[in-house]
Amino acid sequence: MARVMLLMVALLLVGLPVLASACEPAQKSSAFSGLYPVTKEYQIEARQFGFTPNEIRVPAGTRIRLVVTSADVDHRLAVVGMSADRENIQGRRQTLEMVAWPSGTYEIACAVVCGTGHDRMKGTLVVE
């Protein structure tokens with residue numbers, strides 16, 4: 001009987017701190033705490049044959065909103081490697097939301113033939 005009591009006391013002494021720490025809320029320093037913070041919005045103008053701004057830099061894990069307008073003809077903004085694209089019809093504001101992840105440099109390209117300089121219509125999204 002004394003052994004059982006001793007074993008129960010030992011389990012309580014070891015188990016209670018573990019149980020208490022498991023019930024605490026996650027600390028802000030956890031690996032996922034910085035993931036998907038508040039959306040940052042960027043205005044992009046598509047024009048034959050480029051994007052303004054030509055480069056966007058964002059911290060990794062940031063939810064971003066790209067608000068795209070076309071100054072001349074229809075375009076389609078595509079972020080190559082992120083499976084993100086949005087049709088951009090002249091005279092309309094189109095919105096593309098995504099999480100900038102993982103870190104790297106991604107090409108922003110026009111995915112609709114918009115004229116003879118279409119192949120040079122590029123920009124850059126840098127995820128740091």
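When the range 31-46 is limited to residues that are modelled with pLDDT of 95 or more and surrounded by 13 or more Cβ atoms within 10 Å (Cβ to Cβ), the one that is nearest to C114 (Cα to Cα) turns out to be A46. Of all residues in the range 72-82, those satisfying the criterion of being closer than 15 Å to G123 by Cα and assigned to a loop (DSSP other than H, G, I, E, B) are V80, G81, M82.
Residues of the range 59-82 that are crowded, with 18+ Cβ neighbours inside 10 Å and either more than 18 Å from E45 (Cβ to Cβ) or charged (D, E, K, R) (or both): T62, R76, M82.
Does any residue of the range 59-68 turn out to be among the small types (G, A, S), under 13 Å from L125 (Cα atoms), at pLDDT 95 or above and touching an Asp or Glu at 6+ places or on another chain (Cβ under 8 Å)? Within the range 59-68 (the criterion being among the small types (G, A, S), under 13 Å from L125 (Cα atoms), at pLDDT 95 or above and touching an Asp or Glu at 6+ places or on another chain (Cβ under 8 Å)), the answer is no, since none of the residues qualifies. Taking the range 48-57 as the range and being outside any loop (DSSP other than H, G, I, E, B) and surrounded by fewer than 17 Cβ atoms within 10 Å (Cβ to Cβ) as the test, the residues that pass are G50, T52, E55, R57. Of all residues being among the polar types (S, T, N, Q) and within 13 Å of T95 (Cα to Cα) in the range 39-76, which is farthest from the chain's Cα centre (by Cα)? Just the residue, please. Among those residues, the one meeting the criterion is S70.
The values are calculated or read from the model by the stated rules, or taken from the named source; none is laboratory data. What you see is a predicted model; the values in this text were computed from it and never measured. Heads up, the Cβs are rebuilt from the backbone with ideal geometry, glycines too, and the neighbour counts pull from every protein chain shown.
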